[in-house]
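K.L.:
For reference, the structure I am asking about is given below.
The values are calculated or read from the model by the stated rules, or taken from the named source; none is laboratory data. None of these values were measured; they are calculated from a predicted model. Cβ: placed from backbone, ideal geometry, glycine included. Neighbour counts: every protein chain shown.
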Amino acid sequence: MSKMKGAIVVNTDRCKGCALCVYACPQDVIALAEKKVNVHGYPYVEAVKAEACVGCSSCAIVCPDGCIEVYRKKMEE
């Protein structure tokens, strides 16, 4: 049996902190950085539970600025 494992990469400099991806993530993998901002002064999203990512790409699909890339890998159990 195999299971999908995902990993997200966020372009923090392009992120405007709209948090649409946070609400779209079914696994609560990402959250807005609480005390960090990017070069433009926006709080950005970051993976807070990266190990829980299943690679569904919901976050990347809803991102209006295309800041998120999702990678998927099949894991053998």
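K.L.:
Since residue 3 meets every condition but one in (1) touching a residue at least 24 places away in the same chain (Cβ under 8 Å); (2) surrounded by 12 or more Cβ atoms within 10 Å (Cβ to Cβ); (3) not in a loop (DSSP other than H, G, I, E, B), which condition does it not meet?
P.N.:
(2) is the only condition that residue 3 fails.
K.L.:
On to the next question. Which of the residues spanning region 6-15 are more than 22 Å from residue 74 (Cα to Cα) and either without any contact (Cβ under 8 Å) to a residue 12 or more places away in the chain or exposed (fewer than 15 other Cβ atoms within 10 Å of the Cβ) (or both)?
P.N.:
Within region 6-15, 11, 13 meet the criteria.
K.L.:
Right, another one. Could you please tell me which pairs satisfy a Cβ distance under 9 Å, a separation of 6+ or placement on different chains, a first residue in region 63-77 that is surrounded by fewer than 11 Cβ atoms within 10 Å (Cβ to Cβ), and a second residue that is at pLDDT 95 or above and of a type in the set (A, V, I, L, M)?
P.N.:
So the pair list comes out as 64/20; 66/60.
K.L.:
Find the strands (runs of 3 or more DSSP E) located wholly in region 20-77 whose residues include 1 or more that are in contact with a Phe, Trp or Tyr (Cβ under 9 Å, 6 or more places away or on another chain) and at positive phi, and list them.
P.N.:
Of the strands (runs of 3 or more DSSP E) lying wholly inside region 20-77, none has at least 1 residues that are in contact with a Phe, Trp or Tyr (Cβ under 9 Å, 6 or more places away or on another chain) and at positive phi.
K.L.:
Restrict the check to region 20-43 and report whether at least one residue is surrounded by 14 or more Cβ atoms within 10 Å (Cβ to Cβ) and aromatic (Phe, Trp, Tyr).
P.N.:
Yes, some residue in region 20-43 is surrounded by 14 or more Cβ atoms within 10 Å (Cβ to Cβ) and aromatic (Phe, Trp, Tyr).
K.L.:
For region 1-46, what are the residues that are within 13 Å of residue 60 (Cβ to Cβ) and in contact with a Ser or Thr (Cβ under 7 Å, 6 or more places away or on another chain)?
P.N.:
Once the filter is applied, which keeps residues that are within 13 Å of residue 60 (Cβ to Cβ) and in contact with a Ser or Thr (Cβ under 7 Å, 6 or more places away or on another chain), region 1-46 yields 24, 25.
K.L.:
Can you find, within region 44-55, the residue that is surrounded by the most Cβ atoms within 10 Å (Cβ to Cβ) among those that are in contact (Cβ under 8 Å) with a residue 24 or more places away in the chain and under 10 Å from residue 7 (Cα atoms)?
P.N.:
53
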